[in-house]
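The values are calculated or read from the model by the stated rules, or taken from the named source; none is laboratory data. Predicted model, so just to flag it, every value in this text is computed and none were measured. Cβ atoms come from the backbone with ideal geometry, glycine included; neighbour counts cover every protein chain shown. All accessible areas refer to the heavy atoms of the entire protein, side chains included, with ligands and DNA or RNA removed. Shrake-Rupley method; radii C 1.70, N 1.55, O 1.52, S 1.80 Å.
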Amino acid sequence: MKGLIMERVPIEFEGYRINSIDYSVYEEGLSEDKDKGKLQVKSLLTEDRKNAQLIIKTTVNDENNNRKLIIELSGFFTVHDIERAEEFLSVNGVAILFPYVRSVVSIITSLDNENAVVLPTINFTKPSSE
């Protein structure tokens, strides 16, 4: 576009991959999962800090329908601001990747019955103490 000045973004999303999906149906009252609702995030940077992988893992325990889903996704990023790479990955990277987690959870759970699980949206810029 003529006249459009684009600033270089600190991180650039290159794509994602589903690492694992563990879906199970259990008998009523048999699931006691302490990890449900937790979002585990891990970031890996190449030695030159120009590329990164962000791994998100979460457990969804749908007690109303006696089913459990553990999902892990990796997002791949090119890093342009190497000094602040961790900062941008922990906020922006997670915010970019989490909608894919939400989508996969909804799709997988809708295949089992009409009650798809829809994870809530999360504001990753707010401090967790609020």
Area of Val25 that stays accessible when all protein chains are in place (1.4 Å probe, Å², to 10): 100
Cleavage-rule hits (trypsin sites (Lys or Arg not before Pro)) in region 34-104: DSSP loop, at most 12 neighbouring Cβ within 10 angstrom: Lys34, Lys38
Amide proton proximity set for His80, modelled H, under 5 Å, gap of 5+: Ile11, Glu12
Cβ-defined net charge surrounding Glu86, 12 Å radius [Lys, Arg +1; Asp, Glu -1]: 0
Heavy atoms of Tyr23: accessible area, 1.4 Å probe, square angstrom to 10: 70
Residue-level accessible surface for Ile96, protein heavy atoms, 1.4 Å, Å²: 60
